[in-house]
Each structure stands twice: as C-alpha cells, then as structure tokens.
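S.K.: Take this structure, written in structure tokens, and hold onto it; I'll ask about it next.
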Amino acid sequence: MTTYNVSELYTEVLDAWTILYDRDPAQSERQWINIGLWDTPGIDYETACDHLAGRLYELGRFHGGDTILDVGCGTGTSCRLFSDLTFASEHSRPQIIGINITPKHIDIASRLTDPAVYGDSIQYIQGDATRLNMFDTDRFTKVSALECAFHFNTREAFLNEAFRLLRPGGTLVMADILIKPITPTFDKWRKVFPEKLIRPIFEKPSEYMAMPIENQITATQLQRSLENIGFERISIETINAQTKPFQRHYKKKMKTYLRGQRPEWMPPYDKKHISAFKRKMDFTAITLNLADYVLVKAVK
Ligand SMILES: C[S@@+](CC[C@H](N)C(=O)[O-])C[C@H]1O[C@@H](n2cnc3c(N)ncnc32)[C@H](O)[C@@H]1O
C-alpha cells in the first residue's frame, strides 16, 4: 500500500527552507512555504507569497464577519495575513481556524500568533484536511486551501468535506497544482497498459512528493468534480506565468548555498535536511513544468 508521509516531508522542507532563507522560523513573522505569485517585477520571495495569499483573500472576499477554515495553513502566515488585511480595512478580525497535518508547523503557528494582537480570533489545530468531522455541517462561511490540496489523500475527499462545512452561499478558495492536459498520468495510461505494470512507475514519484496519484487531474476534471459535489459559480484560473519565476529564484538561492555561503548559525547536522530538500525541490522543479498552477473559487 502506498504511504504518503506528508508530515515528515514538510518537517524536512521547513528546516531546509529556514536555512535557505537564513531565518529562525520561531523568530520570523512571515514563514511562508509556497511558490508565490510573481506578479510585480523586482519583488522578493516573501512579497510574492503575500501576493499569492492576497489573491485568495480577494477571491474569497474575506471580511470581519467571516468564519474561515484555512486548511494546510503551514506556520499560520496566511491566517495572520487574512486577519491583518481585514483589520486594515474594517477594524475587525474574522474568526479563523488553521488546520495542518505537520505538528511542527502548528507549533510554530501558535508561537508566532500573538494573543495581544489577535486575541482568540485565530486558533490552530493539528489534523488532516480530509478528516474534519470535529466540525459541524455549515460551520464556516469560507474555506481556504493555499497550495496544499494536491497533497491531500485525497483532494476529492477534502472537497466533499469543504462542501459539507460551508454554509449555503459560502465560498471555497484554493491555490492548487493540477496537471496540464498533455501530461501523462496513471489514469490515462491505465487505459492503454496493464495497471500492474504502470502503477509502480507513477506511485514512486507520487510517494516521494506525498501527492496521491488520484490527485493528478486537469482543470476540466476539477471543474467536473466540483460540479458533481454540488459547487456552483466555479472559476479556475491558470497562473503558470506568474508562478514560474519561483524556479529561477529557487535556483539562485540554491546556488548561493552550494557555493558554501551558508548562514553562520547553521549547525552541521542541518546539511542533511538541505540535501534531502534539494533532491525533492529539483524533482519538483521538473514536475512543475508539467503542472497547471491554478486559482480556484467555488460557491456552495
Ligand atoms: C506547500 S505547504 C503550504 C503551507 C501554507 N499554506 C503556506 O502557503 O505557507 C503545504 C502544507 O500543507 C500541509 N498539509 C499537507 N497535507 C495535509 C493534510 N492532509 N491536512 C492538513 N494539512 C496538510 C503541509 O503540512 C504543509 O504545511
């Protein structure tokens, strides 16, 4: 049976990310772990990530009266940004619950969210976005998933849960990674080749990146799946041109690291995280060429 150890992957990713960005996650206010939206020339990595989360905020029309479930919330940077953007325009904060499967991310999220600023308007829960039965039906006005649904086992299970949890008229927003229609997938190949033969070919990389093969779908397939679940007013926008600059940015960062310009505080044992991370990121960079990065909105 395939195991997708996403929590282990993201513990590693966070350690490596921290080293690459020369920042202690417990000290940093914005500890993003996404590709970013490079929509303005000359912006830095964190600003690109702010812009990506900002697009979800605008797409979902978040406001102070909202009760938002932010799944795959990482270190809570999106929860705080959504809250701060609302506060800046309305002087009130929405109720936000951030849920994440990686205990270390939830730990950092809790430490970085100052109760003197946010009161009890943001809470974090360590858990799986496909198992949300601790929440009642119709509990949330908004559900957001920033660059994480492709990891869920499965995305479809999460979409069903999101639909159950949203109030009628509530909105789901996602930044998600799909595949281009020309990309070979297990689903396509099984129609031509014996399944026993091809399953391992697709499962290996899928396990490596903690992305179930069932999640390799195109925008058309996602649209159909959202409709079947009952969502309406669905929009799926491809933003590949604005996410692609991440690859150049990443390569530059990695080159600096490989030239030995590591932060002085980096303990030697952390090198293993960087190597594991580099292997995974290099692989990701290749697979991103086959991917469709999309912004999704759907209403219950
Ligand atoms: C690419 S990171 C994005 C993190 C955050 N949204 C951000 O933009 O900084 C993917 C996140 O999804 C989380 N994740 C993966 N599978 C999950 C699941 N089944 N349930 C909840 N969180 C999950 C990972 O732990 C990780 O924090």
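S.K.: Do the conditions hold for residue 73, that is, is it closer than 22 Å to residue 10 by Cα, in contact (Cβ under 8 Å) with a residue 24 or more places away in the chain, in contact with a helix residue (DSSP H, G or I) (Cβ under 9 Å, 6 or more places away or on another chain) and part of a helix (DSSP H, G or I)?
M.R.: Against the criterion (closer than 22 Å to residue 10 by Cα, in contact (Cβ under 8 Å) with a residue 24 or more places away in the chain, in contact with a helix residue (DSSP H, G or I) (Cβ under 9 Å, 6 or more places away or on another chain) and part of a helix (DSSP H, G or I)), residue 73 does not qualify.
S.K.: Go through segment 222-240 and count every residue that is under 18 Å from residue 182 (Cβ atoms) and surrounded by fewer than 16 Cβ atoms within 10 Å (Cβ to Cβ).
M.R.: Total satisfying the criteria: 2.
S.K.: Moving to a separate point now. Need at least 3 residues that are in contact with a helix residue (DSSP H, G or I) (Cβ under 6 Å, 6 or more places away or on another chain) and modelled with pLDDT under 70 per element, so show me which helices (runs of 4 or more DSSP H) inside segment 205-278 make the cut, counting only ones lying wholly within it. Full working, then the answer.
M.R.: Details: elements: 219-229, 240-243, 245-258.
Ranges flagged: none.
S.K.: Residues to consider are 55, 80, 139; find the one that is under 30 Å from residue 252 (Cα atoms), open to solvent by 40 Å² or more (accessible area, probe 1.4 Å), touching a residue at least 40 places away in the same chain (Cβ under 8 Å) and out of contact with any Asp or Glu (no Cβ under 6 Å at 6 or more places or on another chain).
M.R.: 55
Conditions (1) over 20 Å from residue 31 (Cα atoms); (2) without any contact (Cβ under 8 Å) to a residue 12 or more places away in the chain, marked per residue:
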position: 97; (1), (2): no, no
position: 102; (1), (2): no, no
position: 108; (1), (2): no, no
position: 125; (1), (2): no, no
position: 133; (1), (2): yes, yes
position: 184; (1), (2): yes, yes
position: 189; (1), (2): yes, no
position: 204; (1), (2): yes, yes
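S.K.: Restricting the search to segment 77-107, which residues are more than 10 Å from the ligand (Cβ to nearest atom) and part of a helix (DSSP H, G or I)?
M.R.: As a first pass, look at segment 77-107 and keep what is more than 10 Å from the ligand (Cβ to nearest atom): 80, 82-97, 107.
If the condition is that a residue be more than 10 Å from the ligand (Cβ to nearest atom) and part of a helix (DSSP H, G or I), then 80, 82, 83, 84, 85, 86, 87, 88, 89, 90, 107 are the ones that fit.
S.K.: Can I ask one more? So, in segment 138-174, how many residues would count as being more than 15 Å from the ligand (Cβ to nearest atom) and among the small types (Gly, Ala, Ser)?
M.R.: Of the residues in segment 138-174, 2 are more than 15 Å from the ligand (Cβ to nearest atom) and among the small types (Gly, Ala, Ser).
S.K.: Please go through segment 57-70 and give me each residue that is within 13 Å of the ligand (Cβ to nearest atom) and either at positive phi or assigned to a helix (DSSP H, G or I) (or both), ordered by number.
M.R.: If the condition is that a residue be within 13 Å of the ligand (Cβ to nearest atom) and either at positive phi or assigned to a helix (DSSP H, G or I) (or both), then 57 is the only one that fits.
S.K.: Can you name every residue in segment 88-104 that is at pLDDT 95 or above and touching a Pro at 6+ places or on another chain (Cβ under 9 Å)?
M.R.: none
S.K.: A follow-up question, please. Among (1) within 14 Å of the ligand (Cβ to nearest atom); (2) open to solvent by 10 Å² or more (accessible area, probe 1.4 Å); (3) part of a helix (DSSP H, G or I), there is one condition residue 125 misses while meeting the rest; what is its number?
M.R.: For residue 125, the failing item is (3).
The values are calculated or read from the model by the stated rules, or taken from the named source; none is laboratory data. These numbers come from a predicted model, not from an experiment. In this analysis, Cβ positions are derived from the backbone assuming ideal geometry, glycine residues included, and neighbour counts consider all displayed protein chains. Heads up: the accessible areas ignore ligands, DNA and RNA and are worked out on the full protein's heavy atoms, side chains in. Shrake-Rupley method; radii C 1.70, N 1.55, O 1.52, S 1.80 Å.
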